[in-house]
1. Would you work out which of Thr205, Trp134, Gly67 lies farthest towards the positive end of the dipole of the chain, given +1 charges on the beta-carbon of Lys and Arg and -1 on that of Asp and Glu, about the Cα centre?
2. Could you line up Tyr14, Tyr46 from fewest to most neighbouring Cβ atoms inside 10 Å?
3. Using alpha-carbon positions, what is the distance between the centroids of segment 92-154 and segment 55-71, in Å?
4. Loop only by DSSP, 12 or fewer other Cβ within 10 Å of the Cβ. Give me the GluC sites (Glu not before Pro) in segment 20-123 that pass, ordered by residue number.
5. Restricting to Cα pairs below 8 Å that are 6+ residues apart, what does the relative contact order work out to for the chain? Please round to a whole percent.
6. Give the total of Lys-Lys pairs in the chain with Cα-Cα distances below 29 Å; include a pair only if its members are 8 or more places apart or on different chains.
7. Taking neighbour Cβ counts within 10 Å as the exposure measure, how do Ser19, Ser133 sort from fewest upward?
8. Note down the magnitude of the dipole of the chain about its Cα centre, charges +1 on Lys and Arg C-beta and -1 on Asp and Glu C-beta and zero elsewhere, to the nearest 20 debye.
Amino acid sequence: MWGSQILRLGPKLYITTPSPFARKCRIVAREKGLSDRIEEITADPYGDAPALLAANPLVQVPALIAGDGEAITDSPVICEYLDTLGEGPRLVPADGAERWRVKRLETLANGVLEMGVKLVLEKRRPEHERSPSWIARWSRNMALGLDALEAAAPRAEPLDVGVITAGVAVTWIGFRHPDIDWRAGRPNLVALQTALEARDSFRQTRPEV
């Protein structure tokens, strides 16, 4: 009852199309049959878009305004919220060992993305302001995280939010860091990406500049 009321009121999801964290939420919305009931709004975090600022005082995407007007931020929270509203199998198990397995994988993949985002931001600084030591550390940490994801050997089926995040992570690294060969020595992640990017929810949300 409460979920259906929220859907009628029309949640709004603030995104940018390159954002991997926003992409996670958009994929979950599609997988749960919610995409036609959630308005996706492109907002410029660097321009301090007023609507985004109202939704998230940190001016970051993704940010969701639920049907009751309450704001929900941070992609894991938004994804879990959407999972409770939509149809079909749960993408975030409610409890037990399976829940923690999925959340561990999601957290690891999110960490890989965070290292990649730090690299992007550092490389956007004027060259004389860049820190070679931080670039080296974040590159190393991202590679270590990818190795851990490879060892976890996530599979596209059954789909869950951990698997989704891992797939989003490797595609985004290829998109933002084409000089980094994340595929080398990681056949499990290559197979995962190939399978996931064939799904409608992934095809419809591929990152764009």
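Every number in this text was worked out from the coordinates using simple rules, so none of it is lab data. As the structure is a prediction and not an experimental result, all values here were calculated from the model. Here the Cβ is made from the backbone with ideal geometry for all residues, glycine too, and neighbour counts use every protein chain on show.
1. With unit charges placed on the Cβ atoms, the residue in question is Trp134.
2. Values: Tyr14 29, Tyr46 7.
Listing Tyr14, Tyr46 from fewest to most nearby Cβ atoms yields Tyr46, Tyr14.
3. 24 Å
4. Loop-located and lightly packed - Glu70, Glu87.
5. Relative contact order, the chain: 23 percent.
6. Summing the qualifying lysine pairs gives 10.
7. Final ranking by Cβ density, sparse to dense: Ser133, Ser19.
8. Working: 27 positive and 28 negative charges, 85 e Å.
The calculated dipole for the chain is roughly 400 debye.
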